[in-house]
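Structure record follows, encoded as structure tokens.
The values are calculated or read from the model by the stated rules, or taken from the named source; none is laboratory data. None of these values were measured; they are calculated from a predicted model. Don't worry about glycine lacking a Cβ; one is built from the backbone with ideal geometry, like all the others, and counts go over all protein chains shown. Surface accessibility is based on the protein's heavy atoms, side chains included, excluding ligands, DNA and RNA. Shrake-Rupley method; radii C 1.70, N 1.55, O 1.52, S 1.80 Å.
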Amino acid sequence: MEAKPATKPAASAASVAAAASKPTGGGNNRGGNSRYQPANRFNNRRRRKPKQSASQIAAQKQKMLVPLPKKIMIDETMTVSELAKALGREASEVLKKLFMLGVVATINQSLEKDAVELICNEYGVAVEDEVKVDTADLNLYFEDDTKPEDLTERAAVVTIMGHVDHGKTTLLDNLRNSKVTDGEAGGITQHIGAYQLELEGKKITFLDTPGHAAFTTMRARGASITDITILVVAADDGVMPQTIEAINHAKAADVPIIVAVNKIDKPDANPDNVMQSLTEYGLVPEAWGGDTIFVPISAKFGKNLDELLEMILLVAEVQELRANDQRTAIGSVIEARLDKSRGPIATLLVQDGTLNVTDSIVVGNTYGRVRTMVNDLGRRVKTAGPSTPVEITGLNTVPQAGDHFVVFADEKQARAVGEARESRAVVEHRRSINRVSLDNLFEQMKEGEMKNVNVIIKADVQGSAEALAASLRKIDVEGVRVDIIHTAVGAINESDVTLAAASNAIVIGFNVRPTPQALEASTIEKVDIRLHNIIYNAIDEIESAMTGMLDPVFEEKVIGKAIIRQTYAVSKIGTIAGTYVTEGKITRKSQIRVIRNGIVVFDGLLASLQRFKDDAKEVTMGFECGVTLENYNDMQEEDILEAYIMEEIKPKSKGKK
Ligand SMILES: Nc1nc2c(ncn2[C@@H]2O[C@H](COP(=O)(O)OP(=O)(O)OP(=O)(O)O)[C@@H](O)[C@H]2O)c(=O)[nH]1
């Protein structure tokens, strides 16, 4: 049977394909068979044509289907293929354009923003920086975007501060007992770090960890939860160092102060003296033309406590404290601890929104689900609105006082944010970010980040502190001024470092030293402490730093410490101090500072260093030695000798410690 012409081409296509795979063929080479040529061409044409037209059509289709975008977003760099995708173009087309612009690239090569802009320019497409929202940054959730109509009144949050023994705890306890037992007959009260009182239908929340250390530690961690500070000053004792510290801590946080002049029941109470002294710190009673409220009280005998509460309500009213109880809760940690049987426990202060049992929550660098919630009366509650303190369980680990908390829509989201924060916390110490030091002051000023330089001054005597403060205030470099946020007499203590950390301040010590705790805290918090014994040098250093001319060549390095155990007066030689080296070593070449109660009483040269009557080159920790100083004989038992050397350092190194 003769094959029909129509079937021939098909048969021959298979043959040609076979032939094509073996171009040199065997004996049955049909390549020269003219009979098959037309069919061959026909078939080849048929195979080529659809292929070409398909890609052309696809390209055309793509052109038609994907119009160029008006703009594309870039996060620093993008690869050629990402760019092509964003533009809706073939990568080869983008590569070609790059080539024409003189850039030889591959498809996975990442392009800098400049190159992306060049290409996009060719297409008439704008390039914009992608604004990345860092969902793990809890501060974001504290940005206030509530409409005024959604806001309702909330209770004021009050902190009590003052000098030791002036009656802070007595006041907190008596306020609580007087009010709480009124309405909650026999109610179990428990310490959860804060409590609420009700007066005239309005609530007030008291943080019951008195003292400015707790207040400022929380502020250093980002929490500013206090609306009003009660400054307790004992009328029989008057204004004391910690009264002043408390004032400066409250001022630095911009929190209004109500003065409670306490212990007025005492026969030697002198409230007028307290008022008079406080005027020096800008706290002037209303009766004297100022705007500070003073309430004379007796915390112990409950006198005028209602009046004090009324004044708190008054100040709160002026502040117009509002919150939106309909949103998911945000707030801060007041206290946290680990309970052996219940796991991590945290007292939270809800600052906005309403917190519910079962809420998925991120607290500081941990997360979890609110399992139980207990209020300040020890009662189980299911919800907690704004300004309410509650103790919760259900967190994975223990957070820290001052940490922020945020409630998320679901557990998955909370876990993602919590885990991201956890791992981030391991690599970066959040409080060291952007901390000011004299070494970076100029850069921060240049970048416009600094409007004023906050300084804390500690000095051996009030006179030097004031003189230094006055001179520093006069410095004005390119509109940036020095702001003295606290001055006091005595060693630089932990509280100074905490205040510096919370207020981004530099600490200047004049003839004083930091306590070991303060030194340790300053290293952790990256607070710059500068120590001087010549006022001019302190001023010059700050001024140089502000003009970018700070170029320290030498830095002092403390190499050892010793304590004087005994002193001997020896004629012709003077005082020999029998000392015991407690840290590092003392070398014959070191300079010596004599420190008495945190104050530098001598700074100069070593005259002799001896071990068992022999001159020694150096004496190390754990050994005793005899020391004499040049031109100084007033060494006393218990004095600390600090040995230091001056070391050459590279410019822009860490500050003096
Ligand atoms: N007479 C009298 N004594 C008071 C009054 N308030 C407190 N005290 C007494 O003063 C002493 C110290 O009171 P606290 O409440 O412990 O003082 P504080 O400020 O909390 O002290 P620290 O916690 O050490 O800082 C106690 O013995 C109180 O009883 C008062 O109004 N009148």
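When you look at K613, is it at pLDDT below 90, under 30 Å from F442 (Cα atoms) and not aliphatic (A, V, I, L, M), yes or no?
So K613 does not fit the description; no.
May I ask you to list pairs of residues, at least six apart or on different chains, whose Cβ atoms are under 9 Å apart, with the first in the stretch 158-180 being of a type in the set (D, E) and the second being open to solvent by less than 40 Å² (accessible area, probe 1.4 Å)?
From the stretch 158-180, the pairs are D165/A234; D173/D208; D173/A299.
Any chance the stretch 584-601 includes a residue that's more than 27 Å from N633 (Cβ to Cβ) and buried (at least 18 other Cβ atoms within 10 Å of the Cβ)?
no
In the set V363, V390, which member is crowded, with 24+ Cβ neighbours inside 10 Å, at negative phi and touching a His at 6+ places or on another chain (Cβ under 9 Å)?
Numbers: V390 fails: touching a His at 6+ places or on another chain (Cβ under 9 Å).
Residue meeting the stated conditions: V363.
Might you check whether a residue that is more than 30 Å from P399 (Cα to Cα), open to solvent by less than 50 Å² (accessible area, probe 1.4 Å) and in contact with a helix residue (DSSP H, G or I) (Cβ under 9 Å, 6 or more places away or on another chain) occurs anywhere in the stretch 317-334?
No, because not a single residue in the stretch 317-334 is more than 30 Å from P399 (Cα to Cα), open to solvent by less than 50 Å² (accessible area, probe 1.4 Å) and in contact with a helix residue (DSSP H, G or I) (Cβ under 9 Å, 6 or more places away or on another chain).
Take the residues in the stretch 294-321 that are in contact with a Pro (Cβ under 8 Å, 6 or more places away or on another chain) and away from the ligand (no atom under 16 Å from the Cβ), then tell me which one is farthest from M161 (Cα to Cα).
Residue satisfying both the conditions and the ranking: Q319.
Filter the stretch 631-657 down to residues that are at pLDDT below 90 and part of a loop (DSSP other than H, G, I, E, B), then give me how many there are.
10
Looking only at strands (runs of 3 or more DSSP E) that lie completely in the stretch 61-174, which have at least 2 residues being touching a Ser or Thr at 6+ places or on another chain (Cβ under 8 Å)?
77-79, 110-112, 156-162
Within the stretch 569-579, can one find any residue that is of a type in the set (A, V, I, L, M) and touching a helix residue (DSSP H, G or I) at 6+ places or on another chain (Cβ under 6 Å)?
Within the stretch 569-579, the first condition is being of a type in the set (A, V, I, L, M), and the residues that meet it are 569-570, 573, 576-577.
Keeping just the survivors that are touching a helix residue (DSSP H, G or I) at 6+ places or on another chain (Cβ under 6 Å) gives none.
The answer is no, given that none of the residues of the stretch 569-579 is of a type in the set (A, V, I, L, M) and touching a helix residue (DSSP H, G or I) at 6+ places or on another chain (Cβ under 6 Å).
Is it the case that T372 is under 26 Å from A420 (Cα atoms) and assigned to a loop (DSSP other than H, G, I, E, B)?
No.
Return the pairs, sorted by first residue and then second, in which the second residue is open to solvent by 40 Å² or more (accessible area, probe 1.4 Å), the first residue lies in the stretch 348-360 and is hydrophobic (A, V, I, L, M, F, W, C), the beta carbons are less than 7 Å apart, and the residues are 6+ apart or on different chains.
L355/T383; V357/K382
Checking H249 against (1) within 15 Å of the ligand (Cβ to nearest atom); (2) closer than 18 Å to G167 by Cα, which single condition isn't satisfied?
All conditions are met except number (2).
How many of the residues in the stretch 152-184 are modelled with pLDDT under 90, open to solvent by 50 Å² or more (accessible area, probe 1.4 Å) and away from the ligand (no atom under 16 Å from the Cβ)?
Within the stretch 152-184, residues that are modelled with pLDDT under 90, open to solvent by 50 Å² or more (accessible area, probe 1.4 Å) and away from the ligand (no atom under 16 Å from the Cβ) number 4.
Restricting attention to the stretch 286-310, which residues are surrounded by 15 or more Cβ atoms within 10 Å (Cβ to Cβ) and closer than 19 Å to Q276 by Cα?
G290, T292, I293, F294, V295, P296, I297, listed by residue number.
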